[in-house]
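Everything on this sheet refers to the single structure shown next.
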Amino acid sequence: MNATQDLVGKKILVTAGPTQEAIDPVRFISNHSTGKMGYALAEAARDRGANVILISGPVQISAPDGVRTIRVTSAQDMFEAVSAEYADCDAVIKAAAVADYRPTQVATDKVKKSDGSLTIHLERTVDILSWLGAHRVAGQRLCGFSMETRDLIENSSAKLNKKQVDMICANSLKQEGAGFGSNTNVISLITRQGVRQLELMSKHSAAHEILTALFDLSPLDPPGQDG
(Lines give C-alpha, C1' and ligand atoms only; values in the text may rest on other atoms or scores of the structure.)
Protein backbone atom coordinates (compact mmCIF):
# COMPACT_ATOMS: atom_id res chain seq x y z
CA MET A 1 0.00 0.00 0.00
CA ASN A 2 2.69 2.49 1.05
CA ALA A 3 5.77 2.26 -1.16
CA THR A 4 7.80 5.02 0.54
CA GLN A 5 11.06 3.89 2.11
CA ASP A 6 11.35 6.70 4.63
CA LEU A 7 12.25 4.37 7.50
CA VAL A 8 15.29 2.73 5.89
CA GLY A 9 18.06 2.60 8.47
CA LYS A 10 15.62 2.82 11.40
CA LYS A 11 15.21 0.07 13.97
CA ILE A 12 11.71 -0.19 15.43
CA LEU A 13 10.47 -2.36 18.27
CA VAL A 14 6.74 -3.17 18.34
CA THR A 15 4.85 -5.09 21.03
CA ALA A 16 1.54 -6.77 20.23
CA GLY A 17 -1.19 -8.99 21.59
CA PRO A 18 -2.25 -9.90 25.13
CA THR A 19 -0.32 -11.51 27.94
CA GLN A 20 -1.44 -14.52 29.94
CA GLU A 21 -0.91 -14.57 33.70
CA ALA A 22 -1.10 -18.10 35.07
CA ILE A 23 -3.40 -19.09 37.93
CA ASP A 24 -2.53 -22.78 37.71
CA PRO A 25 -1.38 -25.11 34.91
CA VAL A 26 -4.86 -24.90 33.34
CA ARG A 27 -6.15 -21.36 33.88
CA PHE A 28 -4.86 -17.86 33.30
CA ILE A 29 -5.90 -14.18 33.40
CA SER A 30 -5.85 -12.39 30.05
CA ASN A 31 -7.81 -9.97 27.85
CA HIS A 32 -9.45 -9.80 24.41
CA SER A 33 -6.49 -8.40 22.45
CA THR A 34 -5.90 -10.20 19.15
CA GLY A 35 -2.63 -8.48 18.22
CA LYS A 36 -3.97 -7.17 14.90
CA MET A 37 -2.96 -3.55 15.48
CA GLY A 38 0.54 -4.39 16.61
CA TYR A 39 1.10 -6.78 13.72
CA ALA A 40 -0.17 -4.13 11.29
CA LEU A 41 2.36 -1.70 12.73
CA ALA A 42 5.20 -4.20 12.37
CA GLU A 43 4.26 -4.90 8.75
CA ALA A 44 3.88 -1.20 7.89
CA ALA A 45 7.28 -0.37 9.39
CA ARG A 46 8.84 -3.26 7.49
CA ASP A 47 7.22 -2.10 4.24
CA ARG A 48 8.74 1.35 4.76
CA GLY A 49 12.22 -0.10 5.08
CA ALA A 50 12.70 -0.37 8.83
CA ASN A 51 14.44 -3.17 10.67
CA VAL A 52 11.58 -4.42 12.85
CA ILE A 53 11.48 -6.47 16.03
CA LEU A 54 8.02 -7.71 17.03
CA ILE A 55 7.51 -8.94 20.59
CA SER A 56 4.21 -10.77 20.61
CA GLY A 57 2.01 -12.27 23.27
CA PRO A 58 -0.12 -15.35 22.46
CA VAL A 59 -2.09 -14.64 19.26
CA GLN A 60 -3.55 -16.55 16.33
CA ILE A 61 -1.54 -14.63 13.72
CA SER A 62 1.45 -15.89 11.77
CA ALA A 63 4.74 -14.08 12.23
CA PRO A 64 5.17 -11.46 9.48
CA ASP A 65 7.77 -12.19 6.81
CA GLY A 66 10.89 -10.10 7.17
CA VAL A 67 10.22 -9.27 10.81
CA ARG A 68 12.16 -10.70 13.73
CA THR A 69 9.42 -12.05 15.98
CA ILE A 70 9.90 -12.92 19.64
CA ARG A 71 7.05 -14.88 21.23
CA VAL A 72 6.29 -14.35 24.92
CA THR A 73 3.51 -15.36 27.29
CA SER A 74 3.41 -13.33 30.50
CA ALA A 75 3.86 -9.65 31.33
CA GLN A 76 7.19 -10.48 32.94
CA ASP A 77 8.27 -12.32 29.78
CA MET A 78 7.37 -9.26 27.71
CA PHE A 79 9.19 -6.88 30.03
CA GLU A 80 12.34 -8.98 29.90
CA ALA A 81 12.22 -9.16 26.10
CA VAL A 82 11.58 -5.41 25.72
CA SER A 83 14.29 -4.42 28.20
CA ALA A 84 16.78 -6.66 26.38
CA GLU A 85 16.02 -5.19 22.93
CA TYR A 86 15.00 -1.53 23.30
CA ALA A 87 18.31 0.26 23.82
CA ASP A 88 19.45 0.50 20.19
CA CYS A 89 15.97 1.10 18.73
CA ASP A 90 14.99 4.39 17.11
CA ALA A 91 11.39 3.89 18.22
CA VAL A 92 9.42 1.63 20.53
CA ILE A 93 5.69 1.26 19.88
CA LYS A 94 3.96 -0.55 22.72
CA ALA A 95 0.71 -1.78 21.20
CA ALA A 96 0.45 -4.87 23.41
CA ALA A 97 -2.37 -5.12 25.95
CA VAL A 98 -0.20 -6.21 28.88
CA ALA A 99 -1.94 -7.43 32.02
CA ASP A 100 -1.77 -4.89 34.85
CA TYR A 101 -2.05 -7.60 37.50
CA ARG A 102 -0.97 -11.21 37.99
CA PRO A 103 -1.69 -13.79 40.71
CA THR A 104 0.72 -13.51 43.63
CA GLN A 105 1.01 -17.28 43.68
CA VAL A 106 0.69 -19.81 40.86
CA ALA A 107 -0.58 -23.23 41.87
CA THR A 108 1.56 -26.13 40.70
CA ASP A 109 -1.53 -28.33 40.30
CA LYS A 110 -4.98 -27.55 38.98
CA VAL A 111 -7.09 -25.70 41.54
CA LYS A 112 -10.08 -27.92 42.20
CA LYS A 113 -13.53 -26.38 42.38
CA SER A 114 -15.46 -26.46 45.63
CA ASP A 115 -18.83 -25.29 46.92
CA GLY A 116 -17.38 -22.12 48.37
CA SER A 117 -15.96 -19.03 46.70
CA LEU A 118 -12.38 -18.70 45.50
CA THR A 119 -10.21 -15.66 46.15
CA ILE A 120 -7.21 -14.95 43.95
CA HIS A 121 -4.75 -12.40 45.30
CA LEU A 122 -3.18 -10.20 42.64
CA GLU A 123 -0.08 -8.03 42.41
CA ARG A 124 0.98 -5.37 39.92
CA THR A 125 3.06 -6.28 36.92
CA VAL A 126 5.86 -4.04 35.65
CA ASP A 127 4.52 -0.98 33.81
CA ILE A 128 6.61 -1.46 30.66
CA LEU A 129 5.77 1.89 29.08
CA SER A 130 6.67 3.80 32.26
CA TRP A 131 9.91 1.85 32.49
CA LEU A 132 10.74 2.78 28.90
CA GLY A 133 10.03 6.44 29.62
CA ALA A 134 12.41 6.34 32.57
CA HIS A 135 15.14 4.48 30.64
CA ARG A 136 14.83 5.98 27.15
CA VAL A 137 17.98 6.74 25.18
CA ALA A 138 18.74 9.94 23.30
CA GLY A 139 16.80 10.34 20.06
CA GLN A 140 14.43 7.44 20.80
CA ARG A 141 10.71 7.87 20.16
CA LEU A 142 8.22 6.16 22.47
CA CYS A 143 4.58 5.48 21.61
CA GLY A 144 1.97 3.82 23.79
CA PHE A 145 -1.63 2.74 23.33
CA SER A 146 -4.60 3.53 25.53
CA MET A 147 -7.87 1.60 25.45
CA GLU A 148 -10.59 3.35 27.43
CA THR A 149 -14.33 3.04 28.02
CA ARG A 150 -14.84 6.64 29.24
CA ASP A 151 -13.03 10.01 29.31
CA LEU A 152 -10.84 8.87 26.41
CA ILE A 153 -8.82 12.03 25.77
CA GLU A 154 -8.48 13.06 29.42
CA ASN A 155 -7.34 9.65 30.64
CA SER A 156 -5.03 9.06 27.68
CA SER A 157 -3.45 12.53 27.88
CA ALA A 158 -2.61 11.87 31.52
CA LYS A 159 -0.66 8.78 30.45
CA LEU A 160 1.36 10.84 27.96
CA ASN A 161 2.83 12.96 30.76
CA LYS A 162 2.92 10.40 33.56
CA LYS A 163 4.79 7.82 31.49
CA GLN A 164 7.03 10.40 29.73
CA VAL A 165 6.37 9.21 26.19
CA ASP A 166 6.05 11.09 22.91
CA MET A 167 2.66 9.87 21.69
CA ILE A 168 -0.37 7.95 22.89
CA CYS A 169 -2.69 6.22 20.43
CA ALA A 170 -6.07 6.24 22.13
CA ASN A 171 -9.25 4.44 21.22
CA SER A 172 -12.53 3.63 22.88
CA LEU A 173 -13.85 0.14 23.33
CA LYS A 174 -17.36 1.59 22.98
CA GLN A 175 -16.81 3.20 19.57
CA GLU A 176 -18.05 1.27 16.55
CA GLY A 177 -15.21 0.03 14.37
CA ALA A 178 -12.60 0.34 17.11
CA GLY A 179 -11.34 -1.99 19.79
CA PHE A 180 -10.30 -5.61 19.99
CA GLY A 181 -10.64 -8.08 17.16
CA SER A 182 -11.85 -5.81 14.37
CA ASN A 183 -9.93 -5.09 11.17
CA THR A 184 -10.56 -1.35 11.55
CA ASN A 185 -9.76 1.24 14.19
CA VAL A 186 -10.66 4.79 15.21
CA ILE A 187 -7.63 6.34 16.86
CA SER A 188 -6.84 9.67 18.50
CA LEU A 189 -3.15 10.56 18.24
CA ILE A 190 -2.24 12.46 21.42
CA THR A 191 1.02 14.40 21.59
CA ARG A 192 2.25 17.47 23.44
CA GLN A 193 1.24 19.47 20.36
CA GLY A 194 -2.40 18.43 20.68
CA VAL A 195 -4.88 15.78 19.62
CA ARG A 196 -5.40 14.55 16.06
CA GLN A 197 -8.47 12.41 15.47
CA LEU A 198 -8.15 9.80 12.74
CA GLU A 199 -11.20 8.67 10.80
CA LEU A 200 -12.40 5.08 10.79
CA MET A 201 -9.87 3.16 8.69
CA SER A 202 -8.23 -0.22 8.38
CA LYS A 203 -5.64 -1.07 11.01
CA HIS A 204 -3.05 -1.23 8.24
CA SER A 205 -3.85 2.35 7.18
CA ALA A 206 -3.90 3.46 10.80
CA ALA A 207 -0.46 1.90 11.27
CA HIS A 208 0.98 4.10 8.52
CA GLU A 209 -0.63 7.21 10.05
CA ILE A 210 0.88 6.33 13.44
CA LEU A 211 4.36 5.79 12.02
CA THR A 212 4.28 9.04 10.07
CA ALA A 213 3.09 11.04 13.07
CA LEU A 214 5.63 9.45 15.42
CA PHE A 215 8.61 10.17 13.19
CA ASP A 216 7.43 13.73 12.55
CA LEU A 217 7.89 14.40 16.28
CA SER A 218 11.01 15.58 18.03
CA PRO A 219 11.51 12.99 20.80
CA LEU A 220 11.80 13.91 24.44
CA ASP A 221 15.23 14.02 26.01
CA PRO A 222 16.21 11.17 28.31
CA PRO A 223 15.55 11.75 32.03
CA GLY A 224 18.13 14.02 33.62
CA GLN A 225 19.00 15.87 30.40
CA ASP A 226 17.99 19.41 29.60
CA GLY A 227 16.16 20.09 26.34
For the chain, what is the convex hull volume of the alpha-carbon atoms per residue, in Å³? 138
For residue 147, what accessible surface area do you get with a 1.4 Å probe? Give it in Å², rounded to 10. 60
Which value, in Å² and to the nearest 10, is the accessible area of residue 208 when all protein chains are kept and the probe is 1.4 Å? 10
Have a look at segment 37-160 and give its Rg and Dmax from the Cα atoms, expressed in angstrom. 17.3, 58
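Give me the number: length gained by fully extending residue 109 to residue 180, i.e. 0.36 nm times residue separation minus the C-alpha to C-alpha distance, one decimal in nm.
Details: separation 71, 0.36 × 71 = 25.56 nm, distance 3.17 nm.
The residue 109-residue 180 span can extend by a further 22.4 nm.
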Give me the number: length gained by fully extending residue 100 to residue 4, i.e. 0.36 nm times residue separation minus the C-alpha to C-alpha distance, one decimal in nm. 30.9 nm
Using alpha carbon centroids, what distance separates segment 5-48 and segment 80-94, in Å? 13
Using a simple charge model, +1 on the beta-carbon of Lys and Arg, -1 on the beta-carbon of Asp and Glu, nothing else, what dipole does segment 34-155 show about its Cα centre, in debye to the nearest 20? 220
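How much accessible area per residue does the chain have, in Å², with a 1.4 Å probe?
Values: 11330 Å² over 227 residues.
For the chain, the per-residue accessible area is 50 Å².
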Can you list, bin by bin at 5 Å, the percent of alpha carbon pairs in segment 145-227, starting at 0? 3, 15, 25, 24, 18, 9, 3, 3, 0
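Answer rounded, prolate or oblate for segment 1-62, using the Cα gyration tensor with square roots of eigenvalues a ≥ b ≥ c: rounded when a/c is under 1.5, else prolate when a/b is larger than b/c, else oblate.
prolate
For segment 1-117, how many pairs of lysine residues have a Cα-Cα distance under 23 Å, where the two are 8 or more positions apart or belong to different chains? Don't skip to the answer; put the middle values down first.
On the way: 10/36; 10/94; 11/36; 11/94; 36/94.
Taking the Cα cut-off of 23 Å, the pair count is 5.
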Nearest-0.05 FRET efficiency for residue 137 and residue 200 at R0 = 35 Å, using Cβ-Cβ distance, is 0.50
Where 205, 146 fall by accessible area, highest first, once all protein chains stay in place (1.4 Å): 205, 146
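Report the relative contact order of segment 1-157, percent, no decimals, based on alpha-carbon pairs under 8 angstrom and at least 6 residues apart. Don't skip to the answer; put the middle values down first.
On the way: 296 pairs, mean separation 41.8, N = 157.
Here the relative contact order equals 27 percent.
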Quick one, could you list the DSSP H helices from the chain stretching 18 Å or more along their long axis (Cα atoms) with average Kyte-Doolittle hydropathy of -1.0 or above? 203-216
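The values are calculated or read from the model by the stated rules, or taken from the named source; none is laboratory data. Bear in mind that the values here come from a model prediction, so they are computed numbers and not experimental data. Neighbour counts run over all protein chains shown; Cβ positions are idealised from the backbone, glycine included. Each accessible area value is taken on the protein alone, full model and side chains, heavy atoms only, with ligands, DNA and RNA left out. Shrake-Rupley method; radii C 1.70, N 1.55, O 1.52, S 1.80 Å.
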